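Engineer: Below are the structure tokens for one structure; questions will follow.
The values are calculated or read from the model by the stated rules, or taken from the named source; none is laboratory data. Model, not experiment: these values are computed from the prediction. Glycine also receives a Cβ, built like all others from the backbone with ideal geometry; neighbour counts cover every protein chain displayed.
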Amino acid sequence: MSNREEREAEDRYEAENDPAPVPSTPIDNSYVGETNSDLAKFAPVQRDEDDYDDPVQPPYSNSNEQLEQDEREAIDQSNVLYGDRLRHTQPRTANAYNEGPNEDDLPGDVSQGLTGISNAGRAVE
């Protein structure tokens, strides 16, 4: 582990001897020209120096305010349940909330695997 003096000395050495890996104003327009002329009109690429429309508009681009507004608009008040939060629906079948027959309701030969279709999809006899 290095101490403060060693770190400062290393920083001074790097500042004096190590060139910056990237120039201060990197401009690379090598990607602008499309080699396939058929694609040039479909995927236009602008140069690094070209002006562009900045989507951030300071008084209007507050993401927290925008999220809050989106949430207010997205909540449909007609779906909000008040009170005890239950709809108190009644069963639609005579036997209440029956999910259908279970294994006990199957015929004996089928429940014991003596006849029927196996999970492998072939008949068992």
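Engineer: Quickly run through segment 1-54 and pick out the residues that are surrounded by 10 or more Cβ atoms within 10 Å (Cβ to Cβ), modelled with pLDDT under 80 and either of a type in the set (A, V, I, L, M) or in a helix (DSSP H, G or I) (or both).
Structural biologist: Residues satisfying the conditions are 32, 39, 40, 45.
Engineer: Out of the residues in segment 84-125 that are part of a strand (DSSP E or B) and β-branched (Val, Ile, Thr), which is modelled with the highest pLDDT?
Structural biologist: 117
Matching residues to (1) among the basic types (Lys, Arg); (2) modelled with pLDDT of 75 or more; (3) over 27 Å from the mean Cα position of the chain (by Cα); (4) not in a helix (DSSP H, G or I):
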position	(1), (2), (3), (4)
64	no, yes, no, no
70	no, yes, no, no
78	no, yes, yes, no
82	no, no, yes, yes
